[in-house]
1. With a sphere of radius 12 Å drawn around the Cβ of Asp43, what net charge do the other residues whose Cβ falls strictly inside it have (Lys, Arg +1; Asp, Glu -1)?
2. Using the Cα centre of the chain as the reference point, and only Cβ charges (+1 on K/R, -1 on D/E), how large is the resulting charge dipole? Debye, rounded to the nearest 20.
3. Under the Karplus relation 6.51 cos²θ - 1.76 cosθ + 1.60, θ = phi - 60°, what is the ordered set of whole-Hz ³J(HN,Hα) values for region 77-93, x standing for Gly and Pro?
4. So which GluC sites (Glu not before Pro) in region 2-33 are both in a DSSP loop and have at most 14 other Cβ atoms within 10 Å of their Cβ?
5. Which one, Phe18, Gln89, Pro50, projects farthest toward the positive side of the charge dipole computed for the chain from Cβ point charges (K/R +1, D/E -1)?
6. For a quick check of your reading of the filter: which GluC sites (Glu not before Pro) in region 31-102 sit in a DSSP loop and have no more than 15 other Cβ atoms within 10 Å?
7. Tell me which residues come under 5 Å, amide H to amide H, from Cys27 once H is placed; ignore anything under 5 positions away on its chain.
Amino acid sequence: MPADLDLISTTWHALRPFTMEEKCATCECLQGALVELQMALEDLPPTADPGGLPVLIQTALSKGEPRACQGCQPCNPADILAGFYRERQRREAAAACGCGEG
């Protein structure tokens, strides 16, 4: 089950401030998270209306040449991406069991 638009949007809004920080904008950690969101958008059903999200994410991805992680601790974009994965997995499990916790 793909991520839903609400989860993608929430994750984008959490990542967006880092797209404006020089040290983060081209870091592979943030760039990887943005690619994951881009792929999740592509997996949405055709009836979903992502609005301007695809353009915003693509713009953030094209800020420059990606560079290696500098090992920041904590790495906020990586933590946000991990939260995205956890929530997507939780929603998939809830949908699979039919318990209505999604």
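Read the figures in this text as sums done on the coordinates, not as results from a lab. Source: prediction; values computed, not measured. Heads up, the Cβs are rebuilt from the backbone with ideal geometry, glycines too, and the neighbour counts pull from every protein chain shown.
1. On the way: positive: Arg88; negative: Asp4, Glu36, Glu42.
Here the charged neighbours net out to -2.
2. On the way: 8 positive and 14 negative charges, 43 e Å.
Result for the chain is approximately 200 debye, rounded to the nearest 20.
3. Those phi angles translate into x, 5, 5, 5, 5, 4, x, 4, 4, 4, 5, 4, 5, 4, 5, 5, 5 Hz.
4. Numbers: sites: Glu21, Glu22, Glu28; in loops: Glu21.
Those that pass, being in a loop and sparsely packed, are Glu21.
5. Checked the options; the winner is Phe18.
6. Values: sites: Glu36, Glu42, Glu87, Glu92, Glu101; in loops: Glu101.
The qualifying sites are Glu101.
7. It is Arg67, by chain and number.
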